[in-house]
1. Take the Cα pairs of the range A:82-207, get the Kirkwood Rh, then feed it into Stokes-Einstein at 20 °C and 1.002 mPa s and tell me D in µm²/s.
2. By the scheme Lys and Arg +1, Asp and Glu -1, what is the net charge of all other residues having a beta-carbon under 15 Å from that of A:Gly528?
3. How about the range A:283-346: which GluC sites (Glu not before Pro) there are in a DSSP loop, with at most 15 other Cβ atoms within 10 Å of their Cβ?
4. Looking at the range A:656-745, which GluC sites (Glu not before Pro) are DSSP coil and have at most 16 other C-beta atoms within 10 Å of their C-beta?
5. Counting only other residues whose beta carbon sits under 12 Å from that of A:Leu440, what net charge do I get with K and R as +1, D and E as -1?
6. Tally up the carbon and sulfur contribution to the accessible surface of the range B:2-232 as a whole percent, 1.4 Å probe, everything protein left in place.
7. What is the average number of partner chain Cβ atoms found within 10 Å of a Cβ in B:7-15?
8. Average partner chain C-beta neighbours within 10 Å, per residue of B:100-112?
Amino acid sequence: MPMPDNLEAQGLTEEEYGRIVRILERDPTPTELGMFSGMWSEHCSYKSSRVHLEKLPTQGDRVLQGPGENAGAIDIGDGLAVVFKMESHNHPSFIEPYQGAATGVGGILRDIFTMGARPIAVMDSLRFGRPEAPRMSHLVGGVVAGIGGYGNCIGIPTVGGEVAFHSCYDGNILVNAFALGVVSKDRIFRARASGVDNPVIYVGSSTGRDGIHGATMASAAFGSGGEERRPTVQVGDPFTEKLLLEACLELMRTDYVVAIQDMGAAGLTSSSAEMAARGGVGLEIDIGKVPRREEGMTPYEVMLSESQERMLLVVREGCEEPVFEIFHKWDLQVELLGRVTGDGFLTVLDGEQTVARIPARALTDEAPRYQRPTAAPDADHPGARAVSLSDISEPADLGRVLERLVTSPNLCSRRWVVEQYDYSVRTNTVLPPGGDAALLRLKGTHRGLAMSVDCNARWCFLDPKLGAAHAVAEAARNLSCVGAEPVGLTDCLNFGNPEHPKTMWQFEKAIEGMAEACRALNIPVVSGNVSFYNETAGQDIHPTPMVAMVGVMENVERHAVSHFTSDGDIVLLVGETREELGGSEYLATEHQREQGSPPGLDLERERTVQEIVREGVRRGQVRSAHDLSDGGLGVALAECCITGPSLHGADLDLQDDLRADVALFSESASRVLISGSAEAIGHLESDCASRGIPCRRLGKIGGGRLRIRHAGSLRIDLDVAKLRNAWSGAFAALVGETVGAGEGT
Amino acid sequence: MKFAVVVFPGSNCDHDVYYVLKKVLNQGTIFVWHQSTDLCGADAVILPGGFSYGDYLRSGAVARFSPIMKAVEAFARKGGLVLGICNGLQILLESGLLPGAMLRNRSLKFVCREVGLRVENAETPFTRCLRVGDRLRIPVAHADGNYTADEETLRRLEGEGQIVLRYCDEEGRTVPESNPNGSARNIAGICNAQRNVLGMMPHPERCSEVVLGNDSGRAIFSSMIESLAQAAH
């Protein structure tokens, strides 16, 4: 058979081309080849990940919609559901940070309102290279401004997220966007076309050449000159998306809509093929009717354009007029493209001429699936090199170490970032960003919704299974600290090149770890996204399986904050600190070592600790609860003192027989720092005792200094006001800014 | 009482202010679409925050030409209460109902933060429940909040008591450090000479409920309700 010479540019292998020919029983037209290329790309088809993803638990009493739709849905009671998902926009953001990040937010929001849910929250999880790496401050500034630019304009608050820096992202940053919406549970819309002859309608922005083959780009590694791919980055228009959002939600209050899907990766091709395949029907569309913003576009370009802010709908026959009326009210372009057919084919016409005719399922369900080879890391992998305390000298001035950690790129205040995001629009934000989890009230109920996104990629690099399990455990612990019960999660699995067996091994192990933690903590995975080929010039990023988790509380007023609130309160450490410096922030920052095994994780204990904390918060006895993570107990104590609206000192004694730096900076799991009245703490202590969880009173809140004793001597004695100033100004300095007048208060 | 919340394409604080008026303060409240030409008998009008027309061209510059703005202008001229919040203030400036203009924030970045405000004039229908010198904490969230006007206008605003709210620090001092956007004379809110039109950058609707951790914005709405009740007698 004659093989087209541009196969490699299409991201297809010869074997895949052969498969296409067998399906069609003929050679594909150029348009068809492009459609297969988009739909069989890693980004759209999950061809390397599918066999592994099936191991994740997706069932649960509250699950209304699991993976496979535009987003997952969870029943939260009172007849309401939350719909949420997370997605990556890594490659576009590295090429053009503002638009890449902005359209990442736009795309994830469409996934939510496509389901009929009104989006009420966005979170973002960002990974950058070393601040001093080339272009990095430009990338940080551009990504943050892009996320803000889109979310602020459309009016959905960015309520949380995380930012971390590591050299493994120098040439491949990560921009993962999460969105959550609320909908009546009996009004969830799905993308399942049905009803022969029902009209197929296009609405939103006109189609241009932007983003053509974005899905294929996201499925290839970068060489050194990613800028050449700039034309594949889409440009966002949040104003049009706002109109689209309001118009779609208005339309969904009627009963005209049969199916609806946004045009994301692979644009019109994916939306039409997926709606048809899910519904087991065909679609016939005439792309001559697609509104264009450029002259002379080929059918290939129209079918693969990733122009933003566009939706495809199937509506009930005869309802075209009122549907058009609603879209016209919102000043949106709307066109009738075609009809649902019964033949199972996606038929694309350009006027009279047929330019593509493909069985819809061939583009989706029948995409190739690969069980790619895996290979365990070499024996000298840093994860296999245990940390021996005798190699790590104990610093004399631990106060200085704590200061350095608290002002380090990964632990300093994120205020420079979060203040560029509107986090309070929609008036649901109960806790501003910066605590363990975001907390929103749910209007019309007493309930609260909490959410958190987490992943320690250093741990995942050292031990992908354990690291990924920790990501799940930590996200759940963060929710429990504000008082919410975890009910579901979405993930965004960022990995290197799947054609590298070592990357596939990391992926396989990470899934095993996540699955194990989800089962133990009883948290289903309802949606997610895989981003492979995060590789530049042959170097894969650290495996970074981000976990975004959602929790619910019955009474939103019964929540805890993460910082100290009242002088005189007792500080209690729930859980146990062990000698576990492997993979710690302390080891990396102070000793320039990234090695060893991450801390152990006993999921049964984790679950019990979280239950105790949640019950304490629910009883109203816990004034603050803070999860211990990066930087261990020392950093957590400092954060409790300096991150709240009022400063607090504390007088503490660690009372353990570990080495002082271990006691302060070990990152042992399943630990929470609590503050409350003597009576409240007494109650928690008896809960811990009866359930076999160690806990220890460390001291009292008060004064203007953080004083920590260990083994009879005062090891840390810091002025909290000074510490706060250093912590809060450090981020601006990282991106080369000084804090100007008016930005300091 | 009947409040009208005007909805422009791109308004995004319309639901928020509606919720406070209707559900928290139990006032009759309606949405009015920007294409409408009458205010449906409303006693007061709110121009909410957001990004009307995407802030394209210049914030507020397109919205001022919406059909409803003729009705709002006529309503204001007859002494009706009009409150513009954030983008609402930008629209009031563009339409000439208030003097001056907005520049990009001095930092050139969007800023979302709770700021301190000092009440400078308590004899307006929007501040009658407050006292001069009271300190409020209200969130701002904008990219174009750097208020500017020529010296003569600023002097007049000052002299006539039209500066209603100013950014201040914890001690109530209106120092440069307390100014989140670089606005002239730390101006956060101004009214017209007749006192019936107020525009403010901070968002009182975002802090009118205890569950949100702060209800100091409620005084602005309570003042309006009191003023309307008094006028009705």
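The values are calculated or read from the model by the stated rules, or taken from the named source; none is laboratory data. Fair warning: this is a prediction, and the values are worked out from it, not measured in the lab. Every residue, glycine as well, gets a Cβ built from its backbone with ideal geometry; the counts of neighbours run over all protein chains shown. In case anyone asks, the SASA skips ligands and DNA or RNA and just uses the protein heavy atoms, side chains included. Shrake-Rupley method; radii C 1.70, N 1.55, O 1.52, S 1.80 Å.
1. Working: Rh = 15.6 Å.
Using the Kirkwood radius from Cα pairs, D works out to 137 µm²/s.
2. On the way: positive: A:Arg50, A:Lys55, A:Lys85; negative: A:Glu42, A:Glu54, A:Glu69, A:Glu87, A:Asp111, A:Asp454, A:Asp491.
So the surrounding residues net to -4.
3. Numbers: sites: A:Glu284, A:Glu294, A:Glu295, A:Glu301, A:Glu306, A:Glu309, A:Glu317, A:Glu320, A:Glu325, A:Glu335; in loops: A:Glu294, A:Glu295, A:Glu306, A:Glu309, A:Glu317.
Hits after loop and neighbour filter: A:Glu294, A:Glu295, A:Glu317.
4. Loop-located and lightly packed - A:Glu737.
5. Numbers: positive: A:Arg426, A:Arg441, A:Lys443, A:Arg447; negative: none.
Residues close to A:Leu440 contribute a combined charge of +4.
6. On the way: 4080 of 8360 Å².
Reported share for carbon and sulfur atoms: 49 percent.
7. Mean partner shielding for this stretch: 5.
8. Details: counts 0, 0, 0, 0, 0, 2, 4, 8, 1, 9, 11, 6, 14.
Mean inter-chain Cβ contacts per residue within 10 Å come to 4.
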